[in-house]
1. May I ask you to derive the FRET efficiency for residue 304 and residue 358 from their Cβ-Cβ distance with R0 = 41 Å, giving the value to the nearest 0.05?
2. Can you give me the Cα centroid spacing of the stretch 195-212 and the stretch 45-111 in angstrom?
3. Once the dipole of the stretch 3-138 is set up with Lys and Arg at +1 and Asp and Glu at -1 on Cβ about the Cα centre, which of 120, 73, 55 lies farthest towards its positive end?
4. How much length is gained on full extension from residue 80 to residue 226, taking 0.36 nm per residue of separation minus their Cα-Cα distance?
5. Could you put 30, 73, 326 in order, starting from the residue whose Cβ has the fewest other Cβ atoms within 10 Å?
6. How far apart, in nm, are the 7 Å Cα→Cβ label points at residue 99 and residue 325?
7. How do 278, 332, 57 line up, fewest other C-beta atoms within 10 Å first?
8. Residue 197: net charge of surrounding residues, Cβ under 15 Å, Lys/Arg +1, Asp/Glu -1, itself excluded?
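The numbers here are math on the coordinates, done by the rules we state, and not lab data. The structure presented is a predicted model; accordingly, all values stated were derived computationally and were not measured. Here Cβ is always computed from backbone atoms with ideal geometry, including for glycine, and neighbour counts include all displayed protein chains.
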Amino acid sequence: MFEEKSKQFDRTLLIFDIVSTIAAYMTAYMLRFKALGGWSPTLLIHFSLLPMILALMLFHLSHFNAYCSPRRMTLAQSTWSVFISVAATVTALVGIIFIMKIQYVSRAVVITFMGLAVVLLVLNRFVIVSYFRGTLKRGENFQKVLIIGTGARAAQLSRLLQEKSEWGIDIVGYLDPHPGWAGSQVQGRLVLGTIADISTVLKGFVVDEVILAVPRTLMGDAESIAHACEEEGIKLRIMADLYDLEVARVSLMKLDNIPLLTLEPVALDEYKLALKRMIDIVLVVLSLPVVLPLMGCIALAVKFDSPGPVFFIQERIGLKKRRFNMIKFRSMYAGSEEKIRELEHLNEAEGPIFKISNDPRVTRVGRFIRRTSLDELPQLFNVLGGSMSLVGPRPMSVRDVDLFDRGIQRKRFSVKPGLTCLWQISGRSDLPFSKWLELDLHYIDRWSLILDFKILIKTIPVVIRGSGAV
């Protein structure tokens, strides 16, 4: 909250670190050569390494949390972060010098630089942390905030502001739509009047920001509040929890002059999704030299085992409930899909899915390719086409989706369906639909590229064993 000062803090520390790193390296060089009687002819070689040293240093300082908030990190923790960052930088530097066979770089310069860099970077943090704690203790530069509202939202906001703020918050007071609250206290601060008094309060008090924290039913006064803040040149914030929803991400964009508040129940990073798509394509393309001959053999086996097409193509529900044609090797006798209504009374599964352990519609080859999941191989072409991913909730048929009885079940359509997912490595068809859905929602809420990688790795032994396949 109120990130401007935190960003200023980070920028200041970054500049100090850059200057200190350059100063440490130049000092190390001068101590090695000038103190021994003149400049070395290797000056150009040494200083050509400086940009690389800066890049390595800043990367490692960021990676090892050397720029963590001074409120959450002690000086001892900062010192350790600096030491490990400098050590990693020097190690990487020595490795690069060795690999690139850069000659005439003094080991004494590198060692001296390491010691000086640790001292200067730790000193930066000591000075800045001391300044930070001093300002908090003296109450200097606290952010002056006026809160509109006195209800539960306003009280919660006031508490969180004072707990979470990096640089300190001073609640100037409160305003409320109802005159009856004037003169009372909320969280130890006075209710200064009603919303009609906002211009008077802004003129009479030092206020940096105004936060509107009233229910959406009382948002009719927002325009007058915005005008009053605009006249005084004061920033206005509006609490985004206008509705009692649990959202993963809240963002604001402008369409020309119209602000649009976005509430996203699923937070998916577009760059990571692009990387996921690229990984899907690369892995599928790399697998084709092995997979295509295998698919040819399976196609022949399916064709010779029973009359009918090699592939079974069925309409499934995909991302954002878009329909697509999913491809599988045919594992049932031709026309079996039309007989599903006749077999509904044999369904062994709970919920909207359909499952029979010894399904009479399955062919001999079909039982084998189902048990080994080889019937799913043609879906690699769905992955290449973009309608599926390697990892994601399994795509469901129109029949199954029409039987959904809970709205939350449709949250699984917020991500692209996949060949494998958590339930595939957790029991597959042995799991009840409720557990299946729980695992899908768990995957959606905690999705990451690392989780995808773990699922792919764990899928291999599950498929080999054929456990839980029907």
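1. Details: r = 23 Å, r/R0 = 0.56.
According to the calculation, E is roughly 0.95.
2. The stretch 195-212 and the stretch 45-111 have Cα centres spaced 49 Å from each other.
3. 73
4. Stretched fully, the residue 80-residue 226 segment lengthens by 47.9 nm.
5. 30, 73, 326
6. For the pair residue 99/residue 325, the computed spacing is 4.8 nm.
7. Working: 278 10, 332 19, 57 27.
Ordered by Cβ neighbours within 10 Å, fewest first: 278, 332, 57.
8. Within the 15 Å Cβ shell, the charges total -3.
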